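Down below is the structure, laid out as structure tokens.
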Amino acid sequence: DYTFLQKSAQSSGMNVRLWEAGSGSQLALYPNLNANDAEWRKLLRDVRFRRALSLAIDREELNQVVYIGLARPSNNTIMPRSELFKPEYATKWAQYDPKLANKLLDEIGLKKKDSQGIRLLPDGRPATIVVEHASEETEDNDALALIADNWKKIGIKMLTKPQTRDNFRLRTSSGEAIMTAFAGAVTAVPTPNTSPKEFAPTMLGGLQWARWGMFVESKGKQGEKCDLDSACKLLDYVKEWETGATEEDRRKAWDKILATNADEVFSIGTVNGIRQPIVVGPKVRNVPKEGYYAWDPGGYIGLYQPDTFWIAQ
């Protein structure tokens, strides 16, 4: 909407500001590690497969084509404005390298292809990933279409399946969905004292491991106990954070959690740092020129104390 708003601002006297939107990734892909389909579950739990899918995405092209160059290619991780940020959290396995992606897929054993160049699963089915989403945003659909083109080049076919939010959540937690697309991490600008639970299988809302999260959330009454070592380690690191006696202890636990997420590619990020247009009327004063637009911290505009804004005569 930015160009439209800027054009309108010339005649209306409005001022359009661009604040940084707070999300670990504007759009992230979540391989369902608890998928019911045994063949897909095995594949999605192989870190080489997740890394290959990430390496096959041309994030810079995505940024230029969909987000007019205003975003920043990144994994689904915390943002540079966080004191815990390290560049490798954003870049590991996130460079565009289709050659390495193909090599990893061959290594797994997905060497056979059908007549259209789509790789075949061990049981002979074409490797078609149905990505389920509940978004009505045009940009999200455009981004998924570009990613589908990228993946086709490494022999993976992507189809998208839009649906209601309720159905989307239900299909994820029941294991029916193989992969989902949704907004990235909400905890995008943490401090050492912010809870890292979102980055571990601790809650039902975790789209890549909903059933493991349900198990933890229900204290073992529902869901499934985590049975993938690399993901289970995250639960240990969360405990380390919870029992950390000093801020330095908690910082170390955060580092282990973020480094593991980047290396294991439990979710596949695209870009972050998108700009949120904020339209300010010609008489409104005390609205910051630059800001951070997120639910947490700050309740979007609430962080900047709108009770202190005022109208000039």
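Take the residues in the range 149-193 that are among the hydrophobic types (A, V, I, L, M, F, W, C) and in a helix (DSSP H, G or I), then tell me which one is modelled with the highest pLDDT.
Per the criteria, the residue is TRP151.
Only one of these conditions is not met by THR77: (1) over 20 Å from PHE199 (Cα atoms); (2) among the β-branched types (Val, Ile, Thr); (3) open to solvent by less than 10 Å² (accessible area, probe 1.4 Å). Which number is it?
Unmet for THR77, out of (1) over 20 Å from PHE199 (Cα atoms); (2) among the β-branched types (Val, Ile, Thr); (3) open to solvent by less than 10 Å² (accessible area, probe 1.4 Å): (1).
Within the range 240-250, is even one residue open to solvent by 20 Å² or more (accessible area, probe 1.4 Å), more than 21 Å from SER23 (Cβ to Cβ) and among the polar types (S, T, N, Q)? Full working, then the answer.
First, the residues of the range 240-250 that are open to solvent by 20 Å² or more (accessible area, probe 1.4 Å): 240-243, 245-250.
With more than 21 Å from SER23 (Cβ to Cβ) added as a condition, the list becomes 240-243, 245-250.
Okay, now just the ones that are also among the polar types (S, T, N, Q), so 243, 246.
So far as the range 240-250 goes, yes, one or more of its residues are open to solvent by 20 Å² or more (accessible area, probe 1.4 Å), more than 21 Å from SER23 (Cβ to Cβ) and among the polar types (S, T, N, Q).
Name the single residue, out of those in the range 91-115 being open to solvent by 90 Å² or more (accessible area, probe 1.4 Å) and touching a residue at least 40 places away in the same chain (Cβ under 8 Å), that is farthest from ILE78 (Cα to Cα). It would help to see each step written out before you state the result.
To start, the set of residues in the range 91-115 that are open to solvent by 90 Å² or more (accessible area, probe 1.4 Å) comprises 96, 99, 103, 107, 111-113, 115.
When the remaining residues are screened for being touching a residue at least 40 places away in the same chain (Cβ under 8 Å), the result is 96, 107, 113.
Values: TYR96: 20, GLU107: 31, LYS113: 37 Å.
Per the stated criteria, the residue is LYS113.
Looking at (1) surrounded by 15 or more Cβ atoms within 10 Å (Cβ to Cβ); (2) polar (S, T, N, Q); (3) at pLDDT below 95, find the lone condition where THR138 falls short.
Only one criterion in (1) surrounded by 15 or more Cβ atoms within 10 Å (Cβ to Cβ); (2) polar (S, T, N, Q); (3) at pLDDT below 95 is unmet by THR138, namely (1).
Okay, residues lined up against (1) of a type in the set (Val, Ile, Thr); (2) within 30 Å of ASP106 (Cα to Cα); (3) over 17 Å from the mean Cα position of the chain (by Cα); (4) surrounded by fewer than 21 Cβ atoms within 10 Å (Cβ to Cβ):
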site: ALA145; (1), (2), (3), (4): no, yes, no, yes
site: GLN163; (1), (2), (3), (4): no, no, yes, yes
site: ARG169; (1), (2), (3), (4): no, no, no, yes
site: VAL216; (1), (2), (3), (4): yes, no, yes, no
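From the list ILE57, ILE118, ILE156, which one is under 27 Å from GLU198 (Cα atoms), surrounded by 13 or more Cβ atoms within 10 Å (Cβ to Cβ) and aliphatic (A, V, I, L, M)? Before you say what the answer is, go through the steps one by one.
On the way: ILE118 fails: under 27 Å from GLU198 (Cα atoms); ILE156 fails: under 27 Å from GLU198 (Cα atoms).
Exactly one of ILE57, ILE118, ILE156 is under 27 Å from GLU198 (Cα atoms), surrounded by 13 or more Cβ atoms within 10 Å (Cβ to Cβ) and aliphatic (A, V, I, L, M), namely ILE57.
Determine, yes or no, whether VAL271 is among the aliphatic types (A, V, I, L, M) and closer than 30 Å to TRP93 by Cβ.
Values: among the aliphatic types (A, V, I, L, M): yes; closer than 30 Å to TRP93 by Cβ: yes.
Yes, satisfied.
Tell me, please, whether a residue that is without any contact (Cβ under 8 Å) to a residue 12 or more places away in the chain and surrounded by fewer than 18 Cβ atoms within 10 Å (Cβ to Cβ) can be found in the range 189-201.
no
So ARG50 ticks every box in (1) among the charged types (D, E, K, R); (2) crowded, with 22+ Cβ neighbours inside 10 Å; (3) more than 25 Å from ARG169 (Cα to Cα) but one. Which box is left unticked?
Just one mismatch for ARG50, condition (3).
Could you run through the range 201-233 and say how many residues are in a loop (DSSP other than H, G, I, E, B), under 17 Å from PHE182 (Cα atoms) and hydrophobic (A, V, I, L, M, F, W, C)?
4
Only one of GLN313, GLN305, GLN276 is polar (S, T, N, Q), within 30 Å of PRO73 (Cβ to Cβ) and open to solvent by 50 Å² or more (accessible area, probe 1.4 Å). Can you tell me which?
Values: GLN313 fails: within 30 Å of PRO73 (Cβ to Cβ); GLN305 fails: within 30 Å of PRO73 (Cβ to Cβ).
Criteria check complete, one pass: GLN276.
So, in the range 245-290, exactly how many residues are touching a residue at least 60 places away in the same chain (Cβ under 8 Å) and in a helix (DSSP H, G or I)?
Selection size over the range 245-290: 10.
Confirm whether GLY281 is more than 17 Å from SER23 (Cβ to Cβ) and either modelled with pLDDT under 95 or open to solvent by less than 10 Å² (accessible area, probe 1.4 Å) (or both). Give the steps one after another, and end with the answer.
On the way: more than 17 Å from SER23 (Cβ to Cβ): yes; either modelled with pLDDT under 95 or open to solvent by less than 10 Å² (accessible area, probe 1.4 Å) (or both): yes.
Answer is yes for this residue.
Tally the residues that are touching a strand residue (DSSP E or B) at 6+ places or on another chain (Cβ under 9 Å) and over 26 Å from ALA127 (Cβ atoms), restricting the search to the range 75-99.
Matching residues across the range 75-99 total 6.
The values are calculated or read from the model by the stated rules, or taken from the named source; none is laboratory data. Not measured: the values here are computed from a predicted model. We place every Cβ from the backbone using ideal geometry, glycine too, and count neighbours over all the protein chains shown. Note: areas computed on protein heavy atoms with side chains; ligands, DNA, RNA excluded. Shrake-Rupley method; radii C 1.70, N 1.55, O 1.52, S 1.80 Å.
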